[in-house]
Amino acid sequence: MTQPSEELVLEAGRAERHYWLDLWRYRELLYILAWRDVAVRYKQTVLGVAWALVQPLMTMVIFSFVFGTLAGLGKGDPRYPLMVMAGVLPWQLFAAGLSGTSASLVGNAHLVEKIYFPRLLIPLSSLAVALVDFLVVLVLYAAMAVYFGQAPTLRVFALPGFLLLALVIALGAGLWFTALTVKYRDFRHVVPFLLQVGVFLSPIGFRTDILPNWRDVLYLNPMSAVIDGFRWCLLEANTELYWRGLATSLVIAAALLASGLWFFRRTERGFADVI
């Protein structure tokens, strides 16, 4: 005999009292939204997987030429393109995550207007596409690693920690932007601009240890810790973690996520009225 399903009673103030419990209760909706976004990204598309490969590959080629050839940072290092790709890998994850979360509420306005569920599920589900794109680019990096003769070390098992840090940064910033975009649609243009600037302010084409006097400043961008962490996990022992900078980036990422959640929850009750 099947057990009766639990009744969900909608009443004034319920969302405030049971919000985090409702996130768990609506977990199936999270899976459905995530699967839908991935399917839309890759199903019946000509450039779905190809675009996920071409974009980071072209970024690697351009940065290798600008920083490696013109700036001379890759002189005498035949594996310089692999070092650049190890930086492109987390940046693509962050950029896709931030772009997806920041546009998620407006892109799902029909759901926000009609039914009740914790709105936080929408930006969370948008991270699925970023993760799938990351796995595609990871295959590209693995092929390059084989070509350059770079074997993985035990440090690769620390990679999920830096992957999680990148997602936390993307989600924290994305919660701010998606909530602001609901009311002020101009913020749709802010994220692409910030990503265009951020790709040059992040150490994708260079290692932070070549600028020791500026390293603490570079780590005010928390993605610097993620990029250096990916290189520490994926490359050989000539890369070292900058622990003080990593601690700074962790604090910034935690503050970004906490403030993003606070602002999102503060403005969430008015989404259906203004979206």
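Can you list residues whose amide H is under 5 Å from Leu241's amide H, if they're 5+ apart or on another chain and H is modeled 1.01 Å from N?
The answer is none.
Once each part is reduced to its C-alpha centroid, what is the distance from the range 216-239 to the range 169-200 in angstrom?
Cα centroid of the range 216-239 versus Cα centroid of the range 169-200: 23 Å apart.
By a straight-distance test (C-alpha under 29 Å), which lysines pair with Lys43 as possible cross-link partners, with residues fewer than eight away in the same chain excluded?
Candidates past the 8-residue exclusion: Lys114.
Any read-out appearing in this document is the output of simple, stated calculations on the displayed coordinates, not a laboratory observation. Small disclaimer: the values here were computed from a predicted structure and weren't measured.
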